[in-house]
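> Pasting a structure here, questions to come.
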Amino acid sequence: MYFDTHAHYDDEAFDADRDSVIQSLPGEGVSLVLNAASDLNSSFKTVALAEKYPFFYAAVGIHPHEASGMSDETLEKLRALASNEKVVAIGEIGLDYHYNFSPRETQKEAFRLQMALAQELNLPVIIHNRDAHEDSLEIVRAFPGVRGVFHCYSGSLEMARELIKLGWHLSFAGPVTFNNARKAPEVVAAVPEERLMIETDCPYLAPVPLRGKRNDSRNLKYIAKRIAEIRGTTLEHIAEVTMQNGINFFGIE
Ligand code: NI
């Protein structure tokens, strides 16, 4: 059985068939899903999905793309949402210097405010980091009391080692299956087993052989298979350890 530790079923890409896709998951071997929010509206939808489906859990937060729209009121609403028992993390939060949809300083401020919220609420965080490795690491180091996961990890092996030392987890998605993947397989091979998680980031980042199509959690097996190949183990073993790691990380009973 699989735990998809990062999905976006609130995304409009699922508007036409959301319930039927979600209902099909347990029958396809996906027994747990963490839905990660991207803005306030998405945080409300994410909590609603977690309330509707027993095997869904929620992360609430503001993605760096949306950092410009964040206010004190946003933070208050996130704090209130996080009191729901199905909310098990703050995310996804972080920095994106690839698209720069929000100014860098605004992104950093939203990131810090939400790290502080996670610390206050004693919740783990889910980090989105794109082309912002140094600044992401600097903010992570500034909050030694906060634990988290770098989702769809794209940094160097050196940075991975640093994060492992700090007690953090790394999660991998469809890009590990891409033919041009270079860094990720090297990191996948080096991550200690107890710090490894897997995710689809659906509807984005469909793995090979479905690259370019709409993604969903049923495709997690392709990611697990590639990770098993890289680490010289079985698909079943990867499914089992990443399930247990996800349960421990998010504190799911
Ligand atoms: Ni995501």
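Bear in mind these aren't lab numbers, they're just calculated from the coordinates by the rules spelled out. Every value quoted in this text rests on a predicted model; they were computed, and no experiment measured them. Counting neighbours? That spans all protein chains shown, and the Cβs are built from the backbone with ideal geometry, glycine included.
> Near the amide H of Ala82, under 5 Å away, which other amide H atoms are found, from residues 5 or more places off or on another chain, if H is placed in the peptide plane?
Under 5 Å from the amide H of Ala82 lies no amide H from a residue far enough along the sequence or on another chain.
> Further, regarding this structure: Ordered by residue, what ³J(HN,Hα) values in Hz, to whole numbers, does the range 236-253 give under the Karplus form 6.51 cos²θ - 1.76 cosθ + 1.60, where θ = phi - 60° and Gly and Pro are x?
4, 5, 5, 4, 5, 5, 6, 5, 5, 4, x, 4, 5, 4, 8, x, 7, 7
> Spin-label point model (7 Å from Cα, Cβ direction): what's the Glu85 to Glu229 distance in nm?
4.3
> For Glu162 paired with Asn248, estimate the spin-label separation in nm (one decimal), with each label point 7 Å from Cα along the Cα-to-Cβ line.
If labels sit at Glu162 and Asn248, their model points lie 2.5 nm apart.
> At what distance in angstrom do the alpha carbon centres of the range 172-193 and the range 196-218 lie from each other?
Result: 14 Å between the Cα centres.
> Can you tell me the alpha carbon radius of gyration of the range 1-142 divided by the globular rule-of-thumb value 2.2 N^0.38 Å?
With N residues counted in the range 1-142, Rg over 2.2 N^0.38 Å equals 1.04.
> May I have the extent of the alpha carbons of the chain along their three principal axes, as whole Å values ordered from largest to smallest?
That gives 46, 41, 34 Å along the principal axes, largest extent first.
> Same structure, new question: May I ask for the distance between the Cα centers of the range 122-162 and the range 13-29, given as a whole number of Å?
That distance is 31 Å.
> HN-Hα J couplings of the range 19-33 from phi, Karplus 6.51/-1.76/1.60, θ = phi - 60°, integer Hz, Gly and Pro as x?
5, 5, 5, 4, 5, 7, 5, x, x, 9, x, 9, 9, 9, 9
> On a full-extension model of 0.36 nm per residue, what is the gain between Phe44 and Ala116, subtracting their alpha-carbon distance, rounded to one decimal in nm?
Taking 0.36 nm per residue and subtracting the Cα distance, the gain is 23.9 nm.
> Separate question: If you rank Val60, Val187 by fewest surrounding Cβ atoms within 10 Å, what's the result?
Placing the least packed residue first, the sequence is Val187, Val60.
> Moving on to the next point. Tell me which lysines have Cα within less than 23 Å of Lys45's Cα, excluding those fewer than 8 residues away on the same chain?
Within the straight-line cut-off, Lys45 pairs with Lys77, Lys86.
> Let me know the volume per residue of the alpha-carbon convex hull for the range 181-245, in Å³.
Spread over its residues, the Cα hull of the range 181-245 gives 84 Å³ apiece.
> Among the lysines, which have Cα under 30 Å from the Cα of Lys183 when same-chain residues fewer than 8 positions away are ignored?
List returned: Lys108, Lys165, Lys213, Lys221, Lys225.
> Roughly what % of DSSP beta bridges within the chain run antiparallel, to the nearest 5?
That works out to approximately 0 percent antiparallel.
> So, one more: What order, most packed first, do the peptides 65-71, 223-229 have when packing is the mean number of other Cβ atoms within 10 Å of each residue?
223-229, 65-71
> Right, next: Show me the chymotrypsin sites (Phe, Trp or Tyr not before Pro) within the range 129-184 that DSSP assigns to loop and that have at most 16 other Cβ atoms within 10 Å of their Cβ.
Phe178
> Just round it to a whole percent: the fraction of Cα-Cα distances in the range 61-153 exceeding 15 Å.
53
> For Phe55 and Asn179 in the same chain, what is the full-extension length gain: residue separation times 0.36 nm, less their Cα-Cα distance, in nm?
41.4 nm
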